[in-house]
1. Looking at Ile13, Ile40, Ile27, which is the one that is within 16 Å of ligand 2 (Cβ to nearest atom) and crowded, with 21+ Cβ neighbours inside 10 Å?
2. Please report, ordered by residue number, the strands (runs of 3 or more DSSP E) entirely within region 19-138 with at least 2 residues that are of a type in the set (Phe, Trp, Tyr).
3. What number of residues within region 129-143 satisfy the criterion of being surrounded by 23 or more Cβ atoms within 10 Å (Cβ to Cβ), within 18 Å of Asp94 (Cα to Cα) and away from ligand 1 (no atom under 15 Å from the Cβ)?
4. Could you figure out which of (1) in contact with a strand residue (DSSP E or B) (Cβ under 6 Å, 6 or more places away or on another chain); (2) of a type in the set (Val, Ile, Thr); (3) over 26 Å from Asp225 (Cβ atoms); (4) more than 16 Å from ligand 1 (Cβ to nearest atom) isn't true of Ile54?
5. Hey, among Gly196, Gly188, which residue is touching a residue at least 12 places away in the same chain (Cβ under 8 Å), part of a loop (DSSP other than H, G, I, E, B) and more than 19 Å from the chain's Cα centre (by Cα)?
6. List the number of the failed condition for Thr109; all other conditions in (1) closer than 17 Å to Gln74 by Cα; (2) open to solvent by 10 Å² or more (accessible area, probe 1.4 Å) hold.
7. Has region 144-163 got any residue that is open to solvent by less than 30 Å² (accessible area, probe 1.4 Å), part of a loop (DSSP other than H, G, I, E, B) and more than 27 Å from Val97 (Cα to Cα)?
8. Is one or more of the residues making up region 63-82 surrounded by fewer than 19 Cβ atoms within 10 Å (Cβ to Cβ), within 18 Å of the chain's Cα centre (by Cα) and either farther than 23 Å from Ser164 by Cβ or within 14 Å of ligand 2 (Cβ to nearest atom) (or both)?
Amino acid sequence: MISIKNTMQQDGIRRSANLLSAVFSRIGTLIQPGITTLEIDRVVEETIKSGGGIPAFLGYGGFPASVCTSVNDQVIHGIPDGNTLKEGDIIGCDIGVILDGYFSDSAKTYAVGEIASDTQRLLDATEKSLRAAIDVCWPGNRVKDIGKAVTESIKPYGYGVVYSYCGHGVGLSLHEDPQIPNYYPSRGLNPRLKPGMVIAIEPMINAGTADVEVLEDEWTVITADGLLSAHFEHTILITGKSPEVLTFWGS
Ligand code: MG
Ligand code: MG
């Protein structure tokens, strides 16, 4: 069932998203060669808690950390560890916040130091596909218009649009209806977007094929061909007119 959030709930989710955005502003300056993903996790957890929030991912389904850190060929759900990031790596940071019972969810893939130009191209294309998807989030359009926008935006690059994982409704819990595929055409329901819906749109784009595998830790999703992958996500409120992007990443 798709929940329509009332004004009070929208305000609560907006506050949650503001705290989440502050977390991204904080880690953006930290991500440099030499830092470990475990150190990033510690800062994420501290920043969320000092803002009065709860890390939504910590303990979710048994996930052991506050941030999913997905490095290079890792697509999503990477687990922070003691390995240091190296110049030229990319790292997707996916974070969820609960504040006063309201959930927000966002992800950004960062460059670690200087990265190759074809790597930057993957990041830029993925972020651009998220913007293209947000641009169709007007009331009356349908969920599958979102995946269509992502897929059409990515098509000129020849990258793989991951089909095994989707965006989702969010706000009163971490994962709500509807599921929001990033690819098109897709199976499943195709409801209309209505004012008061809050959704997380999160294209995962692979430099090679769209196929993925899950590691033995039963969390980390990697590209099947070992090539790089990028992931960007925003929490968005559908309004009576243009969409309101509730999360932001700062510099
Ligand atoms: Mg997320
Ligand atoms: Mg999400």
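The values are calculated or read from the model by the stated rules, or taken from the named source; none is laboratory data. All of these numbers come straight from a predicted model, not from anything done at the bench. When we count neighbours, we look across all protein chains shown, and the Cβ atoms used for this are built from the backbone with ideal geometry, even at glycine. For accessibility, only protein heavy atoms count, side chains too; no ligands or nucleic acids. Shrake-Rupley method; radii C 1.70, N 1.55, O 1.52, S 1.80 Å.
1. Just a single option satisfies the conditions, and that option is Ile13.
2. Output list reads 102-111.
3. Counting residues in region 129-143 that are surrounded by 23 or more Cβ atoms within 10 Å (Cβ to Cβ), within 18 Å of Asp94 (Cα to Cα) and away from ligand 1 (no atom under 15 Å from the Cβ) gives 1.
4. (4)
5. Criteria check complete, one pass: Gly196.
6. (2)
7. no
8. Yes; the residues of region 63-82 include at least one that is surrounded by fewer than 19 Cβ atoms within 10 Å (Cβ to Cβ), within 18 Å of the chain's Cα centre (by Cα) and either farther than 23 Å from Ser164 by Cβ or within 14 Å of ligand 2 (Cβ to nearest atom) (or both).
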